[in-house]
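The values are calculated or read from the model by the stated rules, or taken from the named source; none is laboratory data. Model, not experiment: these values are computed from the prediction. Note that each Cβ is placed from the backbone with ideal geometry, even for glycine, and that neighbours are counted across all protein chains shown.
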Amino acid sequence: MSSYRRGIASECTDGHGALGGKGFGRLVDDQIRWMSTKEAAEHLGVTLRSLYRFIDEGMVTAYKFGRVIRLQQADVERFIESSRIAPGSLEHLYPELKGTRADAHAGGAAE
């Protein structure tokens, strides 16, 4: 890190700097990776329409700069992690059938 950036970071993290605020030094060191809505939708594997719905419903954070909407990659990654499916929560999608193929054969042979 250059001495200039180091000075800005230390000045801002002590809470007394011109840009004043604790934690700003972290922003100087860790660059924010911005994604367009198209990039974010492709990364998520969803349509733009679905992404806009996620944004509108507050499921993922987005920022509007003029007419341009951008998302932070870290926010998109958090959204992915928050969408993880817990094991055992999809049983309603594949209900057990009352009679299985093995039961049908056994029942047919006994008659």
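Given the conditions (1) farther than 21 Å from Arg33 by Cβ; (2) under 14 Å from the mean Cα position of the chain (by Cα), and given that Ile55 satisfies all but one, which numbered condition is not satisfied?
(1)
Just checking, how many residues over the stretch 28-55 are surrounded by 14 or more Cβ atoms within 10 Å (Cβ to Cβ) and either under 10 Å from Leu71 (Cα atoms) or at pLDDT below 95 (or both)?
Result for the stretch 28-55: 7.
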